[in-house]
Every structure is written in C-alpha cells, then in structure tokens.
1. When you look at Tyr115, is it outside the structural domain of Val300 (by TED's automatic domain parsing), more than 15 Å from the ligand (Cβ to nearest atom) and within 21 Å of the chain's Cα centre (by Cα), yes or no?
2. Going through Phe257, Phe206 one at a time, which residue ends up being modelled with pLDDT of 95 or more and touching a Cys at 6+ places or on another chain (Cβ under 6 Å)?
3. Would you point out which residue out of Pro295, Pro256, Pro302 is outside any helix (DSSP H, G or I) and away from the ligand (no atom under 16 Å from the Cβ)?
4. So how many residues does region 99-113 have that are surrounded by 19 or more Cβ atoms within 10 Å (Cβ to Cβ), assigned to a strand (DSSP E or B) and not aliphatic (A, V, I, L, M)?
5. Checking Cys280 against (1) more than 15 Å from Ile68 (Cβ to Cβ); (2) assigned to a loop (DSSP other than H, G, I, E, B); (3) among the hydrophobic types (A, V, I, L, M, F, W, C): exactly one of these is not met. Which one?
6. Just checking, how many residues over region 31-46 are surrounded by 14 or more Cβ atoms within 10 Å (Cβ to Cβ) and either among the basic types (Lys, Arg) or in contact with a Phe, Trp or Tyr (Cβ under 7 Å, 6 or more places away or on another chain) (or both)?
7. Of all residues in region 174-191 being over 18 Å from Ser70 (Cβ atoms) and assigned to a loop (DSSP other than H, G, I, E, B), which is farthest from the ligand (Cβ to nearest atom)?
8. Would region 272-295 turn up any residue that is touching a residue at least 40 places away in the same chain (Cβ under 8 Å), of a type outside the set (Val, Ile, Thr) and in contact with a Pro (Cβ under 7 Å, 6 or more places away or on another chain)?
Amino acid sequence: MRIPEFEVETWMTNHETHCLYNLTETCVSSLSLHDLQQLTQENITKNIMEMTLDYGPITGSHRLKNAILSLYESGDDDNLTITSGAINGNELVMMTILEPGDHVISLYPTYQQMYDFPKSLGCDVSLIYLDEKKGWLPSLEDFKKAITSHTKMICLNSPNNPTGTTIPFSLMKEIIELAKAHDCYILCDEIYRGVNTKTRQLSPSFSDHYEKAIITQSLSKVFSFAGLRLGWIKGPKHIIDLINYRRDYHIISSGPFNDYIGSLVLENKDKILERSLSICQQTKEELKKWIEQEPHISCVIPEEGTVCFLKYDMAIPSKELCERLQNETGIFFVPGSTFGIENHLRFGFTHVDDVKKGLPLFSKWLRQFDK
Ligand SMILES: Cc1ncc(COP(=O)(O)O)c(C=O)c1O
C-alpha cells in the first residue's frame, strides 16, 4: 500500500520543537496530570500507583463511554469504540468500510488523511475545492455535482483543519438528505468540535442526525490532552462491531491508564472546555485587532475550532516564508502549501502568550515587504 508523505505532520515534526512562538498549534495549551488533579480534586497519583496495568476494558470502559456520550444527543455504549487518537479512528473507519474502486468525496483543503488515505486504499476520490471567497464553505451543489451511484462515503472535517470553518446545521441536513438518497456513509472528523466562541455551545454532531454517519473525535485538541492518544469513533452499532474486529489487529485496547484519565477529563469537560473557550476567545480578539492594522494579511475568521487560515499578499512561497520567518524570529507557522494552498499560513488560537508576543514581532518582520 503506497501512500504520499503526510505533509503537515512532517512539517510539524521537523519544526515544532525549536520555535520560540508557536502561532500554528492546533491543540489548546496542553494540560498536565497535576492540572487535572487540581481540577478534579481526585487523588490521581494514588489511583495510578495502585492501578494494575493489564489491557483494561478492550473497547473502552462503561465509565469512559458514558462520559463520551455526554457530548452527544443520542447513542449508547454499543455506538462507541475507543481508538488511539482520531488519526487511528479515521483509518479504522476507512479500512473497515472502503474497498478498492469505491467512490469517495472529500474536501480540499482539509486534513490530508481524509483524501490520501482512501486513495491509498484504491478508492476513486473526488475533491470539492473550497473557496475562500465563499468563507471556505462547500455548497449543496458541490456535493450534488460530485456524488455518483458508486459513492460509498463522504469524508468531512468539521470544523475543518486548516480553515476552521464548520458546516452549518442547515447544510449538514442537506448533505445528509443527499447521502440518504445515495445510501452512502458520511465520515466526519469532528476533532475540533467544542469551542464555538459565538454560541459557547456544542455544535450539532453528524452522528446525532444520520443512521449512516460515523464521527471521530479525541482528547487532543479542545480537551488539551493529546499525549493520552485517546480518541473514539461513534456510529451505528453494526459498523462499530465491524470496526472492532479490525481494531483487534491494530491496537487491541488503549489501556486502563488512558481509560481512567480520559474518563476524568470528560467528566470535567465543562471546566476544560470553558478554559479552552477562554483561550480561543482571547487569541481570536488579538488576531482580529492585529489583522485590522496589518496590510499584508487577511483571513476568514471562524466561530469554532482552534485554527484559521491566514492569507498573505507577498510574492513568496509559503514554505520559504515559514523557514525564513522561523530562522530569523523564532515564529513558527505551518505553510499553506502543506495543505496544497499557496500564500497561506495556518494559525492556531491555542497559545495566548505566543500569540500576544508573536504577532507584533511578525508585523515587524513583514515590514521588509512594504512597497
Ligand atoms: C482533522 C484532524 N484529525 C485528526 C488529527 C489527529 O488527531 P489525534 O491526536 O486525535 O490523533 C488531527 C491532528 O492535527 C487533525 O487536525
């Protein structure tokens, strides 16, 4: 099975550890076990030290699944399985359902896994190109044009990485009607769901509105615990059963430690999401003020998610810009070209101090491009 390099992940690996100002991070400032202990008032240290590290509940404990279900309107334990992050969730869904020759629809730009992974399985992938002038949102017409009688799955990421845009509920319902008419699955990676700075509420999940929708999510982004590598898949029971057969070949379980800490994180989700909202709100305000006075940059700023996609007007390739900027100032961005889109940089709403110090420094650096 041949697969192209996962460009954004390679860039992150090679650049994230030696920056001074991380303006591109997708995970809201990560938390420690000490932070969690303070938040929960639970004696985590004692509980961990006494824990027997067997495989634990194979597809996730009832406690963990119960905590996950509090994020949704529907479902029970049978509709969930636990994964090693959303990245493993996405691959398990696709490997379970898709076969060579199946037709798949995906967005562009989006997380590369959503189109290059099904391609590597031998699927025929049609891309819907998102237009910045339309707020990076697809239309129902785009889906109607792309869908065929062979379409097996529509792969979405909402809120989207790198644009941050969320599929509005009205469009979600229309896409679902179209999928129903063609009897196809919808896979939506909802890893950025949970920090809507406008409504301050959870947005609708595809999994609550369509019997053939499968969603993935994890503790990495809005819950600030990427290091746990804990994610989940929610979907119809018969699909979750099939995924579990395959899952045994990939991860067996995610272990009692992750299961316990993950349960605690989600049982305290209100406090954690409140913190994440506050961080994203502050950085969003900083970015808005900064863009108003920065002639080279524009952006469609999303209401939800932890990222957005900055557009710049200088004639310099995004990889070159990022390399030079990081070498000269310590400011770290992911170049748009890693998502296939030039003249853009992915911005993260996730680190308040870095944003407050990094944006003015970035402005100074940009002055060399003034005419
Ligand atoms: C859209 C999307 N899905 C999945 C992942 C991987 O997340 P996880 O840490 O849950 O595996 C990322 C990470 O950047 C992402 O942006």
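The values are calculated or read from the model by the stated rules, or taken from the named source; none is laboratory data. All values derive from a computational prediction rather than experimental measurement. A quick note on method: Cβ atoms are made from the backbone with ideal geometry, for glycine too, and the neighbour counts reach across all protein chains shown.
1. Considered against the rule, which asks whether it is outside the structural domain of Val300 (by TED's automatic domain parsing), more than 15 Å from the ligand (Cβ to nearest atom) and within 21 Å of the chain's Cα centre (by Cα), Tyr115 comes out as no.
2. Only one candidate passes the filter, namely Phe206.
3. Pro295 is the lone residue from the list that is outside any helix (DSSP H, G or I) and away from the ligand (no atom under 16 Å from the Cβ).
4. Selection size over region 99-113: 2.
5. In the conditions (1) more than 15 Å from Ile68 (Cβ to Cβ); (2) assigned to a loop (DSSP other than H, G, I, E, B); (3) among the hydrophobic types (A, V, I, L, M, F, W, C), Cys280 misses (2) alone.
6. Matching residues across region 31-46 total 1.
7. Restricting to residues being over 18 Å from Ser70 (Cβ atoms) and assigned to a loop (DSSP other than H, G, I, E, B), the top hit is Asp183.
8. No, because not a single residue in region 272-295 is touching a residue at least 40 places away in the same chain (Cβ under 8 Å), of a type outside the set (Val, Ile, Thr) and in contact with a Pro (Cβ under 7 Å, 6 or more places away or on another chain).
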